[in-house]
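Notes for the one structure printed next.
Just so it is clear, none of the values below were taken in a lab; they were calculated from the coordinates. Note that the coordinates shown come from a computational prediction; the quantities given were computed from them, not determined experimentally. FYI the Cβ positions are ideal-geometry reconstructions off the backbone, even for glycines, and counts take in every protein chain you see.
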Amino acid sequence: MTVRRFVATLLLVASAASAQPATDLAFDQRIRKLEEQLRCLVCQNQTLADSGAGLADDLRREVRTLAMSGKSDDEIRAFLVARYGDFILYDPPVKPRTWLLWFGPFALLVAGGVIWMVIVRRRRDGGGDDSPSGLLGSDAKARARAWLDEEPPGV
Amino acid sequence: MRAIKAWKWTLPLAIFAVVVAFLYVGLSRDPREVPSPLIGKPAPQFSLAQLHEPAKTLGSADMKGRVWLLNVWASWCVSCRVEHPLLLELGKAKIVPIVGLNYKDKTPEGKAWLAEHGDPYTVSIVDADGRVGIDWGVYGVPETFVVDKQGVIRYKQIGPVTAEALERKILPLIRELERS
């Protein structure tokens, strides 16, 4: 009996101990995820989660406090952006100021594609003196054609 | 086909010029200087105990109607020593009140530091845990803010105040704000 009661007590304690941390774990994960999206302003190439700087400690504490007071992730981000600017976000928001940043590479890609297509098309059409067929003058081309059409000599 | 010949050298040249322009601007900027979103916005509300008279507080409301400087400093801050002689001079000239935000410091050490190096501040206030610093977007010490009569932040100096920054930006701005 005593053994069974002991085991029961043990189970009860264990379940009580694990029930509370389960929610804490979810909370910790949420905070961790949020901190990984935020930049440490002191060591710039580290996230708030990774940084050991004093300010990062303070900001982590602030994020936690805000989250515990019921603020949403967006509200916490807005709180930090209001004080430190968009730079604190690893993912810069899309707005007129950052259009070049977000769409510039794609614009370059499209421009490159257009140039490439123009060159390819021009070469295929055989026009233009920058195409390979244009390397030879029309005289030389005619002579080459004649050689190719000739019977091979000395057969 | 003459048009294409022209393109052949103008296009790379144009691309090169754009790259040079971007690099020229980009590389001459200090990546440590993150522009503050607080410029043009009302200064954050605060009320903190004074360093030398802990029973008294100083709040943002006390500074309304005056142009003033907030200088963030600490006894552990090495580059604060660089700007300190300039602040002492500015304090002596009594051009503007300089409020010192003693940031994440120990009060005895802060006081000892001022006793050793001189005290340019009209008053220093204690932000021991850096909470008010977060509201001001402080991420490095020293930092200096210029606040106008309406309590709006007009300028932020990141890093030590230099003679050049003082003469070219801070002092002209203060004169302009005083007039308005």
Worksheet item: What average number of partner chain Cβ atoms lie no more than 10 Å from the Cβ of the residues making up B:32-39?
Response: 4
Worksheet item: Which whole DSSP H helices in chain B pass both tests: a Cα extent of 30 Å or more along the axis and a mean Kyte-Doolittle value no lower than 0.0?
Response: B:2-27
Discussion item. Starting from the 7 Å offset along Cα-to-Cβ, what nm value, one decimal, do you get for the label separation of residue B:9 and residue B:115?
Written reply: 7.5 nm
Discussion item. Can you list, by residue number, the Cys in the protein assembly as shown that have no neighbouring cysteine C-beta under 4.7 Å?
Written reply: A:40, A:43
Worksheet entry | For residues of B:130-141, the mean tally of beta carbons on other chains within 10 Å | 5
Worksheet item: Around residue A:32, with a cut-off of 13 angstrom between Cβ atoms, what is the net charge of the other residues, counting Lys and Arg +1 and Asp and Glu -1?
Response: -2
Worksheet entry | Anisotropy class of the protein assembly as shown from Cα gyration tensor, a/c 1.5 cut | oblate
Worksheet entry | Nonlocal amide H pairs with residue B:155, under 5 Å, H built at 1.01 Å | B:146
Discussion item. If neighbour count is taken as other Cβ atoms inside 10 Å, put A:148, B:166 in order from fewest to most.
Written reply: A:148, B:166
Practice prompt. Sort region B:88-161 into rounded, prolate or oblate with this rule: let a ≥ b ≥ c be the square roots of the eigenvalues of the Cα gyration tensor; rounded if a/c is under 1.5, and if a/c is not under 1.5, prolate when a/b is larger than b/c, oblate otherwise.
Written response: oblate
Discussion item. Once you order the gyration tensor axes a ≥ b ≥ c over the Cα atoms, which shape class does chain B get: rounded for a/c under 1.5, otherwise prolate or oblate by comparing a/b with b/c?
Written reply: prolate
Worksheet item: Considering every residue in B:5-13, what mean count of other chain Cβ atoms within 10 Å of its Cβ is obtained?
Response: 1
